[in-house]
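Some notes on the structure that comes next.
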Amino acid sequence: MRAAYVATSSTALRSPWIGRVCLLLLCAAYLQGGINKLTDFSSAIAEMQHFGLAPAAPLAALVIVLELGASAAILTGYYRWLGAGFLGVFTLMATFVANRFWEMGGQERFMAANSFFEHLGLTGAFLLVAWLDLQKGSNGTR
């Protein structure tokens, strides 16, 4: 009975749609963030200013293009490795800008440290997607 369950589970997890759902889940925050910034550009600019980034408007536009474009590359498979690499590097850089827990104290430090290490995990996931795609010999033509 257990062997049949394991075989069924293994087969289900190998289904192509599972991989697509996983990639969608990985990109969800970036799709949501890019769409929100696009539909409320003044808030996107305010976010850049909040973190001391200048020039705020061009950087906000660049982040929108990066979040939506790289997510599209990952989801379509067209230069997936490049999109995943961009989001991995972007996430790592943004983590060091937004979650400087070592400069904080108390509850704020606790929450920022959790977010920092969660984002390191996201960075690892994106870099793993890029690595796996390159292992398949992807040349961007899928």
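Every number in this text was worked out from the coordinates using simple rules, so none of it is lab data. Model, not experiment: these values are computed from the prediction. Cβ placement follows ideal geometry from the backbone for every residue including glycine, while neighbour counts extend to all protein chains displayed.
Some values worked out for this structure:
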quantity: Residue order, fewest to most beta carbons within 10 Å, for Thr91, Thr76; calculated: Thr76, Thr91
quantity: The chain, dipole about Cα centre (Lys/Arg Cβ +1, Asp/Glu Cβ -1), debye to the nearest 20; calculated: 620 debye
quantity: Backbone HN-Hα couplings from phi across segment 79-85 [Karplus 6.51/-1.76/1.60, Hz, Gly and Pro as x]; calculated: 6, 3, 4, 6, x, 5, x
quantity: If the convex hull is drawn through the Cα atoms of the chain, its volume per residue in Å³; calculated: 148 Å³
quantity: Fluctuation leader among Phe86, Phe116, Phe101 - the chain, Gaussian network, Cα springs under 10 angstrom; calculated: Phe101
quantity: Residue-averaged 222 nm ellipticity for the chain, from DSSP H runs of 4+ at -39500 (n - 2.57), nearest 500; calculated: -28000 deg cm²/dmol
quantity: Residue among Val63, Thr95, Pro16 farthest towards the positive dipole end of the chain, charges placed on Cβ; calculated: Pro16
